[in-house]
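No value in this document is a laboratory result; all are computed from the given coordinates. What you see is a predicted model; the values in this text were computed from it and never measured. Reconstructed Cβ throughout: ideal geometry from the backbone, glycine too, with neighbour counts over all protein chains shown.
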Amino acid sequence: MITYQTEDMRMPAIRKRETSEWIKAVAATYNKKVGEVAYIFCSDEKILEVNRQYLEHDYYTDIITFDYTEGNRISGDLFISLDTVRTNAEQFGQPYERELYRVIIHGILHLCGINDKGPGERELMEAAENRALAMR
């Protein structure tokens, strides 16, 4: 089950049922099933607090993914800063909605086992994001 929550922000204008079906379809391309996935849309201040408390990182980010996946059933809590999504959309010259969906699927791709921190991994993640966005 996929849930959508907010903390200190208004819910973004997303079609939850369609978005959930898209997420399941993307996960299926990696032979994964969707278990319990919670999206928590929040502000920069909240994501900074989460980053400091749980990861000991002192910076803002667009998404933090807590992975509880077992076997081929993906599960996790995904904190998304809507403030940073908006800033990134402006910086990259992208529509806000496209950037939001990119970040939404970015967390799912992490749960599916795709990383973006090592050499060459960022390019693989971007390609996976683009393939997923094309499925929407």
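In the set (1) free of Cβ contacts under 8 Å to residues at least 24 places away in the same chain; (2) of a type in the set (Asp, Glu); (3) within 21 Å of Thr3 (Cβ to Cβ), the condition left unmet by Glu36 is number (1). Only one of the numbered conditions (1) exposed (fewer than 13 other Cβ atoms within 10 Å of the Cβ); (2) in contact (Cβ under 8 Å) with a residue 12 or more places away in the chain is not met by Leu55, and that is (2). Would you please name the residue that is nearest to Arg10 (Cα to Cα), looking only at residues in region 82-113 that are touching an Asp or Glu at 6+ places or on another chain (Cβ under 8 Å) and in contact (Cβ under 8 Å) with a residue 40 or more places away in the chain? Looking at the filtered set, the residue picked out is Asp83. Condition test on Val103, is it on the phi < 0 side of the Ramachandran plot, touching a strand residue (DSSP E or B) at 6+ places or on another chain (Cβ under 7 Å), of a type in the set (A, V, I, L, M, F, W, C) and surrounded by 12 or more Cβ atoms within 10 Å (Cβ to Cβ)? So Val103 fits the description; yes.
Would you mind stating whether Gly113 is within 15 Å of Thr61 (Cβ to Cβ) and either in a loop (DSSP other than H, G, I, E, B) or not hydroxyl-bearing (Ser, Thr, Tyr) (or both)? Against the criterion (within 15 Å of Thr61 (Cβ to Cβ) and either in a loop (DSSP other than H, G, I, E, B) or not hydroxyl-bearing (Ser, Thr, Tyr) (or both)), Gly113 does not qualify.
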